[in-house]
Structure formats: C-alpha cells, structure tokens
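Let me begin by presenting the structure, written as structure tokens, before commenting on it.
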Amino acid sequence: MLNDFNIIGDHRGSLISIESKIDIPFEIKRIYYIFGNKNNVRRGFHAHKNLQQVLIAVSGSCKILLDNGQSKEEILLDSPQKSLLIQNFVWREMFDFSANCVLLVLASEHYDEKDYIRDYNQFLDLCKQK
Ligand code: T46
C-alpha cells in the first residue's frame, strides 16, 4: 500500500517524522538501507512469511515489483514523502535504481533468514494453502 507522509516544511526546507505504530502500522524492530547499487541490478526475489516492512526512497528512485501470487503491480518510489507498506506473503523485486538511490526499510521483526521464501514455486504453493 502506497502512502504519503506528512511534510513539516518551513522556509528552511522539509522534515518528515515517522513514529512507530502511528505513521506505520507496526513497532519498528529493525532499520536497514540499500544504496550504491550497480547499473541494472535487480534485488529481492523473495517473500516473507511473517515480516511487514515499509520502504522509502529517501534519495533518488527505484521501482518495486509486488506479486501476491495472483496479480502483479509495479510501484515507483521517487520521493522521500512516499512510503510503501509490504505485507507478508508478497513476492518483491527491486530494480531501476537511480545512482543516488538510498532505499530505507523499516521492518517489523529482527533479521531472520528462516522467514524468507526464496523459491518462487514454493511461494505460489504457500499462497494457495493460505
Ligand atoms: C526485503 C528487501 C526489500 C542481514 O544480515 N541483515 C538484514 O537485516 C538484511 C536485510 C540482510 N542481511 C544480509 C543477508 C544477505 O547476506 O544482507 C545480505 C543481503 O540481503 P538480501 O540479499 O536479502 O537483500 P535484498 O536487497 O535482496 O532484500 C532486502 C531484504 O533482505 C528483504 O527482507 O524485503 O530488501
């Protein structure tokens, strides 16, 4: 789900404040950011069993492919005001990173490799069982 944060602006510039469970629907347990991607790189290629995340391109832009097992959509993140909530059981791929892209991710859980579904056919099977 794509949302716009409120910008607190004045004559000096802009500020966006993000509060856990207020501006995003979960408690933030982890923050990471992806940057310095090489040309034409594509990342992701997985879904999560339990994790919810909010993605923000705080600098530059990138595109996100979202696939819930039934339909696919492509989202452009090109503003620090835009936030993309990705729920569990959504396959994601990130691509078309601009050279200056810094993709900030707010996560509902600590890092756990066991939460990843990295096989697309297994992802489709799990979606059908839901
Ligand atoms: C996601 C998309 C949007 C850690 O050690 N801790 C972490 O918190 C993360 C996120 C990754 N790692 C390690 C695991 C790999 O050895 O960093 C390496 C790169 O991770 P990965 O290949 O999973 O990166 P992406 O860009 O494909 O996916 C990441 C997140 O992993 C994933 O949860 O939804 O960004």
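Every read-out reported here was derived from the displayed coordinates using simple, explicitly stated rules and does not represent laboratory data. Just so you know, these numbers come straight off a predicted model, no measurement behind them. Glycine gets a Cβ as well: all are built from the backbone with ideal geometry, and neighbour counts include every protein chain shown.
In region 23-108, what GluC sites (Glu not before Pro) fall in a loop by DSSP, with at most 12 other Cβ atoms inside 10 Å?
GLU27
Hand me the tally of lysine pairs in the chain: alpha carbons under 22 angstrom apart, and the pair either on different chains or 8 or more positions apart.
For the chain, the number of qualifying lysine pairs is 18.
Can you work out the FRET efficiency for the pair ARG42 and LEU85, with r the C-beta to C-beta distance and R0 = 22 Å, to the nearest 0.05?
0.55
So what's the angle, to the nearest 10 degrees on a 0 to 90 scale, between helix 120-129 and the longest Cα principal axis of the chain?
Roughly 80 degrees, rounded to the nearest 10.
Note down the net charge around HIS46, summing +1 for each Lys or Arg and -1 for each Asp or Glu among other residues with Cβ under 14 Å from its Cβ.
Charge balance in the 14 Å sphere: 0.
Please give the contour-minus-distance gain from SER14 to LYS114: 0.36 nm per residue of separation, less the Cα-Cα distance, rounded to one decimal in nm.
32.1 nm
Give, rounded to the nearest 20 debye, the magnitude of the charge dipole that region 41-86 has about its Cα centre when Lys and Arg contribute +1 at Cβ and Asp and Glu contribute -1 at Cβ.
Taking the Cα centre of region 41-86 as origin, the dipole is about 140 debye.
Write down the percent of antiparallel bridges among all DSSP beta bridges whose residues are both part of the chain, to the nearest 5.
95 percent
Taking the Cα centre of region 60-130 as origin, sum charge times position over the Cβ atoms of Lys and Arg (+1) and Asp and Glu (-1), and report the length of that vector in debye to the nearest 20.
Charge dipole, region 60-130, about its Cα centre: 140 debye, nearest 20.
Go ahead and estimate [θ] at 222 nm for the chain from helices alone: -39,500 (n - 2.57) per DSSP H run with n ≥ 4, summed, over the residue count, rounded to 500.
-2500 deg cm²/dmol
Stokes-Einstein D for region 48-130 at 37 °C, 0.692 mPa s, Kirkwood Rh over Cα pairs, in µm²/s?
The Stokes-Einstein estimate is 244 µm²/s.
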